[in-house]
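Structure first, commentary second.
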Amino acid sequence: MFKINDDKSIYLTRGDIATIDVSATGESGLQHIFQVGDIIRLKVFEKKDCECVVLQKDVEVIEETDIVSVRLNKVDTKLGELISKPKDYWYEIELNPETSPQTIVGYDDEGAKVFKLFPEGRDFIG
């Protein structure tokens, strides 16, 4: 299962693959155009502990575009130990985190953005 909700929370089954399409709106209200060489970084961290990063995925923009796809494979999404119930993490998405960081999705007036990981089928075997 993979789902991005209206509140920007992400629901994902542990061990599944997913593609998160990232877009941004500029201050003028127009769609932001990502430039060649831009870096988009997805960071997932322990809930209430932004220092404990459990997944970091960088994507370099190779052509001008208004949407960048962050692809997660089954290894990326096997966060932590086996789980028997859903586990909440927090996440953020940044543009050019090393040179001129701008948060695209992250903690805001509505609170933290939740990355909810659900158990995979094999978590229950044995």
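Points worth noting:
- Per atom type, the stretch 13-66 shows carbon and sulfur on 45% of its accessible surface, probed at 1.4 Å.
- For the stretch 1-72 and the stretch 73-88, distance of Cα centres in Å: 18
- If R0 equals 35 Å, the separation of the Cβ atoms of Ser23 and Val75 corresponds to a calculated FRET efficiency of about 0.85.
- Computed over the chain, the Cα gyration tensor eigenvalues convert (square root of 5λ each) into semi-axes of 27, 15, 13 Å, ordered from largest to smallest.
- What you get for the stretch 13-119, charging only the Cβ of Lys and Arg (+1) and of Asp and Glu (-1), is a dipole of about 760 debye around the Cα centre.
- Solvent exposure of the chain amounts to 62 Å² per residue of accessible area, where only protein heavy atoms count and the probe is 1.4 Å.
- Between Glu63 and Asp108, the modelled label-to-label distance comes to 2.9 nm, taking each label 7 Å out from Cα in the direction of the beta carbon.
- Of the GluC sites (Glu not before Pro) found in the stretch 70-126, the ones in coil according to DSSP and having at most 13 other Cβ atoms within 10 Å of their Cβ are Glu81, Glu98, Glu110.
- Surrounding net charge for Glu60, when Lys and Arg each add one and Asp and Glu each subtract one, Cβ distance under 12 Å: -2
- Convex hull volume per residue in cubic angstrom - Cα atoms of the stretch 1-68: 129
- Selected from Arg14, Arg41, Arg71 as most flexible by GNM, with the chain as the system and alpha-carbon contacts under 10 Å: Arg71
The values are calculated or read from the model by the stated rules, or taken from the named source; none is laboratory data. In this text, all values refer to a predicted model and were calculated from it rather than measured experimentally. Neighbour counts are summed over all protein chains in view; Cβ atoms, including those assigned to glycine, are modelled from backbone coordinates with ideal geometry. Heavy atoms of the whole protein, side chains included, go into the accessibility calculation; ligands, DNA and RNA do not. Shrake-Rupley method; radii C 1.70, N 1.55, O 1.52, S 1.80 Å.
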